[in-house]
Amino acid sequence: MTDYLLRFDSKLDFDALAEAQGLAVVDPATGEVSPTLATFTYAQVIIGEHFVPTGGTVTGPDGLPVPELAGDGFHWVLFRELEPVPAITALAPYAQWASSFVDGAGDPVPRPADPSFPQTTWL
């Protein structure tokens, strides 16, 4: 089992790749792409655009200050390969981190804790 944190330039890029790799279906009536969230071989969580605090505040609906957030402009997906799937070859270039990544000494690379990376995880 391997987990991947994938980053695409846009939702359209992800949709096109997911459809081409059989990880999504297209509604013939609307053309809308719907990712297949889980099968016996993989699961995926669509994170979408990741938002991070800017350090500033804005006035919330109750009149109190709330943290100002800015989107990173990317489309993020958390993908879990339960068994080897052919699509992983096409997805690999988008991997910002994988549980199989190792450093030069052969030690596992920890998942990025930097807030610019989504912190969504599997339970």
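None of the figures in this text is laboratory data; all of them are computed from the coordinates on show. Everything numeric here is computed off the predicted structure, so don't read it as measured data. Neighbour counts are summed over all protein chains in view; Cβ atoms, including those assigned to glycine, are modelled from backbone coordinates with ideal geometry.
The orientation-averaged projected area of the convex hull spanned by the Cα atoms of the range 35-76 comes to 4.5 nm². Stokes-Einstein diffusion coefficient for the range 80-119 at 37 °C in a medium of 0.692 mPa s, Rh from the Kirkwood formula over Cα pairs: what value in µm²/s? Reported coefficient: 278 µm²/s. Taking the convex hull of the alpha carbon positions in the chain and averaging its projected area over all directions gives 10.5 nm². Sequence-ordered 3J(HN,Hα) estimates for the range 25-42 from the Karplus curve with 6.51, -1.76 and 1.60 and θ = phi - 60° stand at 10, 10, 6, x, 7, 10, x, 6, 8, 10, x, 7, 6, 7, 9, 6, 10, 8 Hz, glycine and proline given as x. Of the chymotrypsin sites (Phe, Trp or Tyr not before Pro) found in the range 1-105, those in coil by DSSP whose Cβ has at most 11 other Cβ atoms within 10 Å are Phe40.
For the range 11-65, the extents of the C-alpha atoms along the principal axes are 46, 28, 19 Å, listed from largest to smallest.
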